[in-house]
Amino acid sequence: MGEFTTQTLAALRDNPGILAALFPASIACYVVGRGVYNILFHPLRAFPGPFLFRLTVFTKTYYSIKGTLPFLVKDLHDQYGPVVRISPTELSFADPAAAKDIYGHRLAATAGDLDGHAHNNTGNTRASGSKLLPEFPKLDEQVRISASRPNNILNAPTHEEHAFLRRKLAPGFSDRSMRAQEPVINGYVDLLIRRLRERATGTEGGTVDIKTWMNWTTFDVIGNLGFGSDFGCLESGEGHPWVETMNKGFVHIAKLAALQQIGLGGLVGAFMDSNLVPSFVRNREYVRNKMRERLERGNDRFDFMQGFVEGKEKLPFDYILSTAAILILAGSETTATLLTGAVFLLLANPDKLAKVTEEIRTTFADEKDISLSSVQQQLPYLLACLDESLRCYPPAMVGMARVVRDEGGAVICGTHVPKNTTVAVWQWVTNHDSKHWHDPYSFHPERFLRREESDTDDDDNDNDDATGQASNPFANDNLDALVPFSTGPRNCIGKSLAYAEMRLIMARLLYTFDMSLAPCADDGSGGAQKDPTTWLSTQKAFFNWEKPPLMVKLKVAQ
């Protein structure tokens, strides 16, 4: 054997061409072998899904980078059913109940459980002798940009660390803080309306990109509440370099996450604008300086950082900064996305626009009367419009992946899932499933009104019957299927703030302005104009939507 090995090594040394041929052959053998295993022997082999998705993770990665994966996953569920294998190791669930099992609190199996697997605590009480288990961990490759950066509220790997950070942030999102923050939010909404009025002067009004203005508003609000000072976008009427870079960078971050899941994160540079790299470096230093200034101010204000400032623990600066930066990004972009989408959906549905505008203008005699509390209590149709906008145009449309780590696997929505399986519920899927929503691809705020108060004025709903179906086609809609801020211990901590901003901004916009869609330039078409009604249907979806400008004609209401 030793002589054979020596001769073989000598032959390879003297004939390097053999090595050159063996390397790709070895790679090919591995790929083929892995594919055969994934299809025929993998623990998930019995779950349905397209052949190429079950064969290799590269298929999912391709559509993720392309920006069409959420829509494709919806099509796959329509074809294959409520549980679909969308990669060799990943399952997608279409049943909204699965969200509680995947993202919620879980109870360990009790002696009375026949299957012996962990279950979700979907009730209000815990079974005698049951043990509360930590939530399934997030897929690290999806939420961690760099292994060298400190953990934050989004990617904290353990239940204990996430709970610690959540406790630190809780004072900044409490009812007391929300009341203290209302004048801050009102001030920025006042400034937004003033700037838009300046651009809507004259009998014909003016045209603005409402997407940009929504972005500037939410970034300024979150900047103030996170760093202690805003980015100056509304004051100057111009974008800030940090804001502009982050808006462009979201897509590249999503592509990086997709490539990291197949071990090719280093290739993200092939998809990235070369100008973004130095911009990211400048932004990092800018944020560090802003954070230092905020921490030096101490606890003189109610904002996101007060828990970190008031705490006895002396936490590393970069650790605090990591969570603050995530809050700024997530809290601004998602709210701006929803606001922009809500404006589009209302303008694309003039009957709904007329109804919500009438509600606002007949409720308030003066725009000064519009406040967070009055909007919450007196504008049910506006709130329904915002909920329906969250359903039609969810800011977080992708599946936020979790990994089953339990020995023996876990039961999700009645389905046993093996250990080390990645699982997720995609909001785009559950929000557009005809099993849960009547006419799911159309904008119907009426579905979110209380059923006895549902609008019955539509021409096709004039005839009533014993069941009420004809007068209220939305009576059987599963409103619980809408979970825009996730669920469980890692749900969105900024939910109350997001709702406050959305309600106040939309109420003030619709009270002050008559709005309509305006065409925008179709880049590269020689001056041609795009049909504005295609604004949503032509977008790509990554972690966020890749939104084009939304041109809106504004005229001050008389």
- Query: Quick check: is even one residue across the stretch 27-38 over 23 Å from residue 254 (Cβ atoms), touching a Lys or Arg at 6+ places or on another chain (Cβ under 7 Å), in the same structural domain as residue 427 (by TED's automatic domain parsing) and modelled with pLDDT under 95?
  - Reply: yes
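Every residue, every condition in (1) in contact with a helix residue (DSSP H, G or I) (Cβ under 7 Å, 6 or more places away or on another chain); (2) modelled with pLDDT under 90; (3) over 17 Å from residue 330 (Cβ atoms), yes or no:
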position	(1), (2), (3)
507	yes, no, yes
521	no, yes, yes
536	yes, no, yes
543	yes, yes, no
548	no, no, yes
- Task: Select from the stretch 340-384 the residues that are over 26 Å from the mean Cα position of the chain (by Cα) and among the basic types (Lys, Arg) and write down the one among them that is surrounded by the fewest Cβ atoms within 10 Å (Cβ to Cβ).
- Result: 368
- Message: Filter the stretch 30-47 down to the residues that are farther than 12 Å from residue 418 by Cα and surrounded by 12 or more Cβ atoms within 10 Å (Cβ to Cβ) and list them by number.
- Response: 31, 34, 35, 36, 37, 38, 39
- Message: Just to be sure before I move on: is residue 296 acidic (Asp, Glu), assigned to a helix (DSSP H, G or I) and over 29 Å from residue 385 (Cβ atoms) in the structure I sent?
- Response: yes
- Task: Please determine, by comparing only the residues of the stretch 325-339 that are farther than 13 Å from residue 493 by Cα and among the small types (Gly, Ala, Ser), which one is surrounded by the fewest Cβ atoms within 10 Å (Cβ to Cβ).
- Result: 325
- Considering only the stretch 470-490, state which residues are touching a residue at least 60 places away in the same chain (Cβ under 8 Å) and closer than 30 Å to residue 163 by Cα. 480, 481, 482, 483, 484, 486, 487, 488, 489, 490
- Among what's in the stretch 85-102 and is charged (D, E, K, R) and touching a helix residue (DSSP H, G or I) at 6+ places or on another chain (Cβ under 9 Å), pick the residue that is nearest to residue 40 (Cα to Cα). 85
- Total residues in the stretch 55-73, condition among the basic types (Lys, Arg) and surrounded by 21 or more Cβ atoms within 10 Å (Cβ to Cβ): 1
- Message: Checking residue 304 against (1) part of a helix (DSSP H, G or I); (2) in contact (Cβ under 8 Å) with a residue 40 or more places away in the chain, only one condition comes out false. Which one?
- Response: (1)
- In the list 172, 104, 81, 67, which residue meets the criterion of being at pLDDT 70 or above and in contact with a Ser or Thr (Cβ under 6 Å, 6 or more places away or on another chain)? 104
- Yes or no: residue 200 touching a Gly at 6+ places or on another chain (Cβ under 9 Å), loosely packed, with under 15 Cβ neighbours inside 10 Å and not hydroxyl-bearing (Ser, Thr, Tyr)? no
- Determine whether residue 511 is buried (at least 17 other Cβ atoms within 10 Å of the Cβ), under 17 Å from residue 392 (Cα atoms), of a type in the set (Ser, Thr, Tyr) and at pLDDT 90 or above. no
- Message: Out of everything in the stretch 127-165 that is of a type in the set (Asp, Glu) and either in contact with a Cys (Cβ under 9 Å, 6 or more places away or on another chain) or at pLDDT 75 or above (or both), what residue ends up being farthest from residue 324 (Cα to Cα)?
- Response: 135
- Of all residues in the stretch 292-315, count the ones that are under 22 Å from residue 240 (Cβ atoms), surrounded by fewer than 21 Cβ atoms within 10 Å (Cβ to Cβ) and of a type in the set (A, V, I, L, M, F, W, C). 1
- Message: For the stretch 56-107, which positions are among the hydroxyl-bearing types (Ser, Thr, Tyr) and assigned to a helix (DSSP H, G or I)?
- Response: 59, 61, 62, 63, 64, 80, 103
- Query: Restricting the stretch 359-395 to residues that are small (Gly, Ala, Ser) and not assigned by TED's automatic domain parsing to the domain that holds residue 347, which is farthest from residue 253 (Cα to Cα)?
  - Reply: 384
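The values are calculated or read from the model by the stated rules, or taken from the named source; none is laboratory data. Every value quoted in this text rests on a predicted model; they were computed, and no experiment measured them. FYI the Cβ positions are ideal-geometry reconstructions off the backbone, even for glycines, and counts take in every protein chain you see.
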